[in-house]
Amino acid sequence: MVASSVLEGVIWRKARASESANGCLEVAFLGDGRVAIRDNEDLDNPPFVVTAHVWRCFMDGAQKGEFDAIG
């Protein structure tokens, strides 16, 4: 869990394809290199926070299509 003070003032981003929709994941890059991830339909739950390394590995897999068969 990340302290709420760490999340103050962060800029949350979501995919351009979902700009007008809810039900999307949003990410925020924290000052210490970690990345916070949240569901914008459930803002009462704290975001999931991962290290920069974990985020890079996830993005690498996504760009390679490793998750395309999910869902």
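Would you point out the residue of the range 25-51, among those that are surrounded by 15 or more Cβ atoms within 10 Å (Cβ to Cβ) and of a type in the set (G, A, S), that is farthest from K14 (Cα to Cα)?
A36
Looking at (1) of a type in the set (V, I, T); (2) in contact with a Leu (Cβ under 8 Å, 6 or more places away or on another chain); (3) assigned to a helix (DSSP H, G or I), which is the one condition that is false for I37?
All conditions are met except number (3).
In the range 3-15, is there at least one residue being surrounded by 15 or more Cβ atoms within 10 Å (Cβ to Cβ) and touching a residue at least 40 places away in the same chain (Cβ under 8 Å)?
Checked the range 3-15: at least one residue is surrounded by 15 or more Cβ atoms within 10 Å (Cβ to Cβ) and touching a residue at least 40 places away in the same chain (Cβ under 8 Å).
Just one of (1) modelled with pLDDT of 90 or more; (2) of a type outside the set (D, E); (3) loosely packed, with under 10 Cβ neighbours inside 10 Å trips up G61, so point out which.
All conditions pass for G61, except number (3).
Tell me which residues, restricted to the range 37-54, are in contact (Cβ under 8 Å) with a residue 40 or more places away in the chain and either closer than 11 Å to E26 by Cα or touching a Pro at 6+ places or on another chain (Cβ under 9 Å) (or both).
P47
Going by what's in this entry, would V54 be described as within 13 Å of the chain's Cα centre (by Cα), of a type outside the set (S, T, Y) and closer than 21 Å to S5 by Cβ?
When the stated conditions are applied, V54 does not pass them.
The values are calculated or read from the model by the stated rules, or taken from the named source; none is laboratory data. Since we're looking at a predicted model, the values are computed, not measured. Every residue, glycine as well, gets a Cβ built from its backbone with ideal geometry; the counts of neighbours run over all protein chains shown.
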